[in-house]
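J.: For reference, the structure I am asking about is given below.
The values are calculated or read from the model by the stated rules, or taken from the named source; none is laboratory data. The structure presented is a predicted model; accordingly, all values stated were derived computationally and were not measured. With ideal geometry, Cβ positions are generated from the backbone for all residues, glycine too; neighbour counts draw on all protein chains shown. Only protein heavy atoms, including side chains, enter the accessible area calculation; ligands, DNA and RNA are left aside. Shrake-Rupley method; radii C 1.70, N 1.55, O 1.52, S 1.80 Å.
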Amino acid sequence: SEPSGSGPCLARFTANLPSPIPWAPDTPALYTAALRLADGDERVIRLGLRSIQADGDRLLLNGRPLYPRLILSWGWYPGALSPNPGPERVRQDFARLRSMGYNGVKLCLWFPPQYYFDLADELGMLLWVELPMWLPNPDDHFRRQTPLEYARLARAARQHPSVILYSLGCELNRSVGPDILGPLYALLRREGGGALVRDNSGSGEAYGGLLNEFADYYDYHFYAELHFLRGLLDSFTPRWRTPQPWVFGEFCDYDTFRDIAAALTAEDQAPAVEIDAIGAESSANSALSTEHSALSWWLSLDPAVNPQGARWQMDAPHLAERLRAAGLRERLPELVRLSELHALLHRKVTLELVRTYREITGYVVTGEADTPITTAGMWDDAGRLKLDPAAFAAFNSDLLLALGWDKRRAWVAGGDRAAPWDTFSYTSGALVRPHIIASHYGASTGPARVSWSAAYDGEPPFAVGEAVTLFPLAPGDVRELLVAEFIAPEVRAPRALVIRAAAELGAERTSNEWRLWVFPRGAWDGTQGVVLHDPAGLLAGLTRLAPHITRLVDFSAEKGEGGSLHPSLGAGRGAWGEGAPVLIATAWSPTLDAWVREGGRAVFLQSPESPPCPVPALPMPFWREALRLCEPHPAWRDFPHDGWAALQLHACAPDHALDTAPLAERARPILRRVDTRTAQVHDYAAELEWGAGRLIITTLRLQGGHGDQPAGIERSPAAAYLLACWVRHLLML
């Protein structure tokens with residue numbers, strides 16, 4: 001040390017702790033350290049003892065495998081108008097997140113007050129600090145200032161054991177080069193309290209940034225359609241790269257429908273709306289609703305009150321008007337409720353699939369709270385939890401059960417190809433073989449006791465099983481526990497089937513359930529008078545399911561005898577018995593157009609790859625950012641749904657939807673898409689009045705073939721049954 005008054009004084013000392021307790025989420029042990037000077041000056045801090053390290057592709061906390069399950073927070077607190085909500089609000093938020101299975105928070109491009117860190121230490125919440133760099137313009141001032149600010153922020157965060165990860169910025173492009181990121185990475189490794197560091201959350205590969213990374217872990221931001229997620233994971237799995245933990249920096253969003261009941265009753269041009277009226281009926285469970293007494297300026301249409309600013313899209317102020325225009329105002333409670341069911345399903349499928357990959361070590365789910373830009377939060381504008389905590393925690397926990405399925409291949413054009421199949425739908429009598437998989441990041445080691453059952457909704461199980469594994473399950477293991485094999489019982493109409501599984505490992509317990517669908521055999525029996533026009537062969541497997549269907553090889557524009565548009569279609573009845581045929585078509589032509597207009601009936605599969613098409617189709621996601629409403633329509637017949645399309649349509653999810661608005665009342669929706677961000681309405685299937693005839697038009701990929709969808713309608717009982725329902729409806733007209 002130096003004499004008093006001559007400059008800085010540096011003192012070092014050591015302390016021995018008998019039987020020290022390391023800090024961890026389940027045991028957040030903290031110690032108090034006090035430094036007192038002779039003149040009475042004193043500094044008291046709380047600290048925790050923890051180690052965090054990368055061991056190959058595993059993340060170890062105090063030497064034990066760790067699986068961070070974090071929520072993405074933008075620091076959005078509209079009542080405070082700044083990311084400083086007060087300790088009580090943070091304490092309540094942490095408690096709610098823990099009830100949903102989360103064990104931490106990623107601070108996306110913002111730095112919280114010190115009490116936020118203190119509470120995370122106290123309550124055992126992991127923190128990922130993402131330093132505030134997003135698409136900057138790195139001028140000389142930026143290059144000088146950034147290292148100074150990053151060093152100060154690191155010094156403020158490094159004493160907290162809850163801080164385990166840093167990222168230098170988010171989704172950076174090539175404007176930020178190694179001359180900036182290299183020194184900043186070295187700074188955080190030196191000053192960050194032992195936490196792991198990454199230069200660019202999201203990766204340069206995915207966002208056009210630096211390819212030679214400065215990083216201790218892999219990190220991608222996948223916002224994927226469910227049927228494309230497996231392909232993304234397989235493509236990015238770093239099997240030949242340097243082993244590092246893989247933690248998703250953000251992913252798995254689903255925007256629910258914003259409950260704008262207050263906005264709907266207000267004048268469209270009102271400068272502000274009372275935010276505490278939003279979702280008033282459903283906010284009773286929120287201890288936070290008193291915060292939202294401020295005016296919701298972000299719902300205003302007045303640019304002086306609500307400027308667009310950095311928002312790339314600004315839909316919230318227009319939702320009320322768009323709902324009225326679409327005739328959906330009175331259905332707002334239904335839209336909110338169904339979108340929350342959609343959200344729970346989307347997160348469940350995504351997180352369970354990710355947990356079956358040994359190479360993936362954690363994730364950050366988007367996001368914590370609804371904001372003016374996105375409604376992907378766990379709670380809404382009024383602070384109401386949108387998703388049932390227990391249901392969410394079932395697939396967001398240390399010990400989790402997921403399903404896997406048998407693999408199949410097909411010999412196509414002289415070689416083997418992977419042959420995905422519809423794992424969510426089955427025909428009566430089919431063999432069902434779910435593989436029950438455990439992803440274990442708890443504390444116990446030993447054999448696992450597993451039980452399972454299969455039952456139709458509302459009935460006792462028709463199949464059960466129980467086993468104890470012949471191997472010990474250890475922390476960090478991802479492996480199959482058993483195969484639950486059974487035959488799908490006979491049904492006369494489609495039914496939902498529920499598989500339930502539970503596992504015990506030491507003192508740890510977990511359970512989960514999954515819904516499948518069983519369809520009766522002979523769905524196409526009795527469908528006389530059906531003609532298939534499929535020049536591209538998209539529905540080649542349909543004639544194997546229904547050999548009595550007539551294939552129409554040529555559908556030329558020349559009229560045959562009697563004035564019909566094609567000799568094999570006849571003039572109407574005659575060879576077709578009681579009625580004219582129903583045509584299933586995968587290609588549009590003037591001949592088909594004229595035939596339907598003259599009174600024909602047809603189902604047309606509209607594909608963006610095969611124009612011309614009778615109705616405009618626009619590219620848009622099926623699973624993300626959308627409600628999939630099964631509207632009341634006789635064409636559904638007994639096809640199973642609860643007013644919305646779930647995984648029974650996984651095998652035929654499209655990436656386009658129909659713009660039927662110009663057809664007005666001539667179009668009756670069957671399967672409707674309502675965008676949860678914009679409230680814009682499109683259709684995936686609709687029945688049209690087409691001249692004197694009827695046309696069911698759809699963008700659903702009944703032939704599958706996208707991502708892990710089955711290739712061919714014969715591999716999807718749900719798609720085949722749905723098409724049969726539509727055909728039977730048209731045959732009865």
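J.: Length gain on complete extension for the stretch Gln53 to Ala156, per 0.36 nm per residue less the alpha carbon to alpha carbon distance?
T.: So the chain would gain 35.0 nm between Gln53 and Ala156.
J.: Under 8 Å for C-alpha pairs, at least 6 residues apart: give me the relative contact order for the chain, rounded to a whole percent.
T.: 10 percent
J.: Follow-up. Report Ser175's accessible area, 1.4 Å probe, all protein chains in place, as a number in Å² to the nearest 10.
T.: Only protein atoms counted, so the area is about 50 Å².
J.: Still on this structure, I have one more. Just to verify a number: FRET efficiency for His435 and Asp388, C-beta to C-beta distance, R0 = 30 Å, to 0.05?
T.: Numbers: r = 27 Å, r/R0 = 0.88.
In this case the efficiency is close to 0.70.
J.: Whole angstrom only: what separates the Cα centroid of segment 43-98 from the Cα centroid of segment 378-430?
T.: 29 Å
J.: Also: Go through segment 470-476 residue by residue and turn each phi into a ³J(HN,Hα) via Karplus (6.51, -1.76, 1.60, θ = phi - 60°); whole Hz please, and just put x for glycine and proline.
T.: Karplus values, whole Hz, x for Gly and Pro: 7, 10, x, 9, 10, x, x.
J.: While we're here: Quick one: which residues, 5 or more positions from Leu126 or on another chain, have an amide H under 5 Å from its amide H? H modelled 1.01 Å from N in the peptide plane, none for Pro or chain starts.
T.: Gly104, Val105
J.: Run the numbers for Ile487 and Asp642: contour at 0.36 nm per residue of separation, minus the present Cα-Cα distance, in nm.
T.: In short, 53.3 nm is gained.
J.: Let me ask something additional. Could you sort 407-416, 665-674 so that the peptide with the highest average Cβ count within 10 Å comes first and the rest follow in order?
T.: Per-residue mean Cβ counts within 10 Å order the peptides as 665-674, 407-416.
J.: Oh, and also: Report, in deg cm²/dmol and to the nearest 500, the calculated mean residue ellipticity at 222 nm for the chain, where each DSSP H run with n ≥ 4 adds -39500 (n - 2.57) and the sum is divided by the residue count.
T.: Value at 222 nm, helices only: -5500 deg cm²/dmol.
J.: Between Ile45 and Trp405, with labels modelled 7 Å along Cα→Cβ, what's the label distance in nm to one decimal, could you check?
T.: Taking the two extended label points, one gets 5.4 nm.
J.: Take Glu340, Glu689, Glu490 and sort them by solvent-accessible surface of the protein heavy atoms, 1.4 Å probe, largest at the top. Could the numbers behind the result be given before it?
T.: Working: Glu340 25, Glu689 90, Glu490 110 Å².
Output order, biggest surface exposure first: Glu490, Glu689, Glu340.
J.: So if we plug the beta-carbon distance of Glu665 and Asn84 into 1/(1 + (r/R0)^6) with R0 = 41 Å, what FRET efficiency do we get, rounded to 0.05?
T.: After rounding to 0.05, the efficiency reads 0.20.
J.: Right, another one. Could you give the length gained on full extension between Ala325 and Leu733, defined as 0.36 nm per residue of separation minus the Cα-Cα distance, in nm? Write out the running numbers ahead of the final one.
T.: Details: separation 408, 0.36 × 408 = 146.88 nm, distance 3.09 nm.
Once the chain is fully extended between Ala325 and Leu733, it gains 143.8 nm.
J.: Can you give me the C-alpha center-to-center distance between segment 135-198 and segment 716-733, rounded to a whole angstrom?
T.: First find each Cα centre; the distance between them is then 58 Å.
J.: Another one. Any chance you could give the angle, 0 to 90 degrees and rounded to 10, that helix 114-123 forms with the longest Cα principal axis of the chain?
T.: 80 degrees
J.: Let me ask you something else. Find the centroid of the Cα atoms in segment 464-518 and in segment 199-260, then give the distance between the two in whole Å.
T.: Comparing the Cα centres of segment 464-518 and segment 199-260, I get a distance of 29 Å.
J.: Only Cα pairs under 8 Å and at least 6 apart count here; give the relative contact order of segment 82-149 as a rounded whole percent. All intermediate terms of the calculation are to be shown ahead of the outcome.
T.: Working: 51 pairs, mean separation 22.4, N = 68.
That works out to 33 percent.
J.: Ranked by accessible surface with a 1.4 Å probe, highest first, in what order do Thr356, Thr527 come? Walk me through the numbers before you get to the answer.
T.: Details: Thr356 40, Thr527 0 Å².
The ordering from most to least exposed comes out as Thr356, Thr527.
J.: Okay, moving on. Along the three principal axes, how long is the chain when you take its alpha carbons, biggest first, rounded to the nearest angstrom?
T.: Taking max minus min along each principal axis of the Cα atoms, the chain gives 115, 68, 50 Å.
J.: For the chain, take the longest principal axis of its alpha carbons; what is the angle in degrees between that and the long axis of helix 178-191, to the nearest 10 within 0 to 90?
T.: Taking Cα atoms only, the helix is inclined about 60 degrees.
J.: Same structure again: Ignoring everything but the protein chains, give the 1.4 Å probe accessible area of Leu403 in square angstrom, nearest 10.
T.: 30 Å²
J.: I'm a student and want to see the number: the projected area of the Cα convex hull of segment 578-666, averaged over all directions, in nm².
T.: 7.5 nm²
J.: Using the Karplus curve 6.51 cos²θ - 1.76 cosθ + 1.60 with θ = phi - 60°, work out ³J(HN,Hα) for each residue of segment 597-603 in order, rounded to whole Hz, and write x for Gly and Pro.
T.: So the J values, rounded to whole Hz, are 4, 7, x, x, 10, 8, 10.
J.: Can you tell me what the convex hull of the Cα atoms of segment 81-224 projects to on average, as an area in nm²?
T.: Mean projected area for segment 81-224: 9.3 nm², to one decimal.
J.: Could you give the accessible area per residue of the chain, probe 1.4 Å, as a whole number in Å²?
T.: 42 Å²
J.: Hey, if we sort Arg601, Arg43 by accessible area with the 1.4 Å probe, largest down, what's the order? Spell out each step's value before the answer.
T.: Values: Arg601 25, Arg43 145 Å².
Sorted by accessible area, descending: Arg43, Arg601.
J.: May I ask you to order 56-66, 328-338 by the average number of other C-beta atoms within 10 Å around their residues, highest value first?
T.: Per-residue mean Cβ counts within 10 Å order the peptides as 56-66, 328-338.
J.: Okay, next question. With a Förster radius of 35 Å, plug the Cβ-Cβ distance of Ala507 and Ala418 into 1/(1 + (r/R0)^6) and report the FRET value to the nearest 0.05.
T.: Calculated transfer efficiency: 0.30.
J.: Let me ask something additional. Output the 0 to 90 degree angle, nearest 10, between the alpha-carbon long axis of helix 717-731 and the longest principal axis computed from the alpha carbons of the chain.
T.: 40 degrees
J.: Further question: May I ask you to list the residues of segment 20-59 whose amide nitrogen lies under 17 Å from a point 7 Å from Cα along the Cα→beta-carbon direction of Gln114?
T.: 31-37, 41-48
J.: What are the semi-axes of the equivalent ellipsoid of segment 90-167, taken as the square roots of 5 times the eigenvalues of the Cα gyration tensor, listed largest first and rounded to whole Å?
T.: 28, 13, 9
J.: Also, quick follow-up: Taking every pair of alpha-carbon atoms in segment 387-539, what share in percent sits in each 10 Å bin, from 0 to the bin with the longest distance?
T.: Spelled out bin by bin, segment 387-539 gives 10, 30, 29, 19, 9, 3, 0 percent.
J.: With the full set of protein chains in place, find how many percent of the accessible area of the chain is carbon and sulfur; take the probe as 1.4 Å.
T.: Carbon plus sulfur share of accessible area: 53 percent.
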